[in-house]
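Let me begin by presenting the structure, written as structure tokens, before commenting on it.
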Amino acid sequence: MLDKIRLHDQGRLPSDYNRGHGFDDRMCRFLRVEYDALVRKVLKEKDDLKILEWCFEAGRRPTEEETFVFNAFLSKRGWNDDVSEWVKEQKEKLGLSHRNDLQTAFDIHDADEGRK
């Protein structure tokens, strides 16, 4: 998300990239920070760890257990849930309908950006 904010500011983020919604929105709600405030912070601060600390101060610092559950939830988004149809649509859009290994939103993002 931080990289997307920076790339958008530089005019280098593809126009179809989702900013402030989807995973970005989930992360901001999890940390209880406003996306626009985070954007302002990211454009002023280059150190990602300092930005994370700011999120903890401006919003909240989740427990280790909350972080574990949140990460597990996000890693499975699109697998037999309300985002499954989006995963199917993206596979079709990308010409990857034959790829049974692509089952989550992260799988789609990785395939779209050329990661295995």
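In this structure, does Val39 turn out to be within 12 Å of Leu2 (Cβ to Cβ) and open to solvent by less than 90 Å² (accessible area, probe 1.4 Å)?
Details: within 12 Å of Leu2 (Cβ to Cβ): yes; open to solvent by less than 90 Å² (accessible area, probe 1.4 Å): yes.
Here the answer is yes, as Val39 does meet what is asked.
Quick check: is even one residue across the range 71-92 touching a residue at least 24 places away in the same chain (Cβ under 8 Å) and open to solvent by 70 Å² or more (accessible area, probe 1.4 Å)? Scanning the range 71-92 turns up at least one residue that is touching a residue at least 24 places away in the same chain (Cβ under 8 Å) and open to solvent by 70 Å² or more (accessible area, probe 1.4 Å). Being over 19 Å from Met1 (Cα atoms), modelled with pLDDT of 95 or more and in contact with a Lys or Arg (Cβ under 7 Å, 6 or more places away or on another chain) is a property that does not hold for Ser84. Is it fair to say His21 is open to solvent by 100 Å² or more (accessible area, probe 1.4 Å), in contact with a Lys or Arg (Cβ under 9 Å, 6 or more places away or on another chain) and not in a helix (DSSP H, G or I)? Judged against the criteria, His21 is not a match.
Pairs are defined by a Cβ separation below 7 Å, a sequence spacing of at least 6 or placement on different chains, a first member in the range 48-63 that is within 22 Å of Arg6 (Cα to Cα), and a second member that is open to solvent by less than 70 Å² (accessible area, probe 1.4 Å) and among the small types (Gly, Ala, Ser); the pairs so defined are Ala58/Ala37. Pro14 fulfils the conditions (1) under 14 Å from the mean Cα position of the chain (by Cα); (2) at pLDDT below 95 except for a single criterion, (1).
The values are calculated or read from the model by the stated rules, or taken from the named source; none is laboratory data. Bear in mind the structure is a predicted one, so any value in this text is a computation, not a measurement. Because the Cβ atoms are built from the backbone with ideal geometry, glycine has one as well, and the counts that use them run over all protein chains shown. Areas reflect the complete protein model, heavy atoms only, side chains present, ligands, DNA and RNA absent. Shrake-Rupley method; radii C 1.70, N 1.55, O 1.52, S 1.80 Å.
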